[in-house]
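Heads up, the thing below is written out as structure tokens.
The values are calculated or read from the model by the stated rules, or taken from the named source; none is laboratory data. Just so it is clear, the structure is predicted and the values come from calculations on it, not from any experiment. Heads up, the Cβs are rebuilt from the backbone with ideal geometry, glycines too, and the neighbour counts pull from every protein chain shown. Calculation scope for accessible area: heavy atoms of the full protein, side chains included, ligands and nucleic acids excluded. Shrake-Rupley method; radii C 1.70, N 1.55, O 1.52, S 1.80 Å.
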Amino acid sequence: MLEGYSGIPSDETLQHVHEIRDKAWSIRTYPCTSLGIWLTPMISHQEGYFTVLSRLKAGTALLDVGCFIGQELRRLVYDGAPSESLCGVDIASHWDVGFEMFRDRSKFHAKFIECDILTPNADLAALEGTFGVIYISQVLHQWGWDAQVAALKEP
């Protein structure tokens, strides 16, 4: 996806990914960052992906909780979802690193909100009830059991 979506030549991919990983690591030291888990968007491997993609193409909005650099959102766009109907939220902003990774600042128009979902800020609270799909895949493991349960109980 990286080469096809971003136009990065294959002989430059490895160096580019290492530079992006280092920038992301300097913002916040997630173990997932050093492992490169974010290099393969997982949303397209989920059961029901094509149903979600179809809904997005028909105008449904999606929120990606724990979006990191927006790799899952970009997979959706790569497969035809309009970026304007996508929103990502994360406790730390790696959003600009995502623009560098995918070289798409001029064409990727998803919204990003920096906040902790357990204590939503005004920007996130204002969007309550506007999403037809909420995707949360790579965030729950960041918390202990009690915080995981609390996050899943939030309205």
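Go through region 107-155 and report how many residues are basic (K, R), assigned to a helix (DSSP H, G or I) and under 19 Å from the mean Cα position of the chain (by Cα). Give the derivation first.
Pass one, region 107-155, residues basic (K, R): 107, 111, 153.
So of that shortlist, the ones also assigned to a helix (DSSP H, G or I) come out as 153.
Remaining after also requiring under 19 Å from the mean Cα position of the chain (by Cα): none.
Qualifying residue count, region 107-155: 0.
Within region 84-123, restricting attention to residues that are among the polar types (S, T, N, Q) and open to solvent by 80 Å² or more (accessible area, probe 1.4 Å), which residue is nearest to S10 (Cα to Cα)? Spell out the reasoning first.
Step one: filter region 84-123 for residues among the polar types (S, T, N, Q), giving 85, 93, 106, 119, 121.
Adding the requirement that they be open to solvent by 80 Å² or more (accessible area, probe 1.4 Å) leaves 106, 119.
Details: S106: 22, T119: 41 Å.
In this case the residue turns out to be S106.
For Q71, work out the one condition from (1) touching a Leu at 6+ places or on another chain (Cβ under 7 Å); (2) open to solvent by less than 20 Å² (accessible area, probe 1.4 Å); (3) of a type outside the set (A, V, I, L, M) it doesn't fulfil.
(1)
Residues of region 68-106 being charged (D, E, K, R), assigned to a helix (DSSP H, G or I) and either more than 8 Å from the chain's Cα centre (by Cα) or closer than 19 Å to N121 by Cβ (or both), which ones?
R75, E84, D96, E100, listed by residue number.
Got a sec? Which of T29, T60 is open to solvent by 40 Å² or more (accessible area, probe 1.4 Å) and part of a loop (DSSP other than H, G, I, E, B)?
T29
Filter region 124-143 for residues that are open to solvent by less than 50 Å² (accessible area, probe 1.4 Å) and small (G, A, S) and give the result.
Result: G132, single match.
Got at least one residue in region 40-54 being of a type in the set (S, T, Y), part of a loop (DSSP other than H, G, I, E, B), modelled with pLDDT under 95 and open to solvent by less than 40 Å² (accessible area, probe 1.4 Å)?
The answer is no, given that none of the residues of region 40-54 is of a type in the set (S, T, Y), part of a loop (DSSP other than H, G, I, E, B), modelled with pLDDT under 95 and open to solvent by less than 40 Å² (accessible area, probe 1.4 Å).
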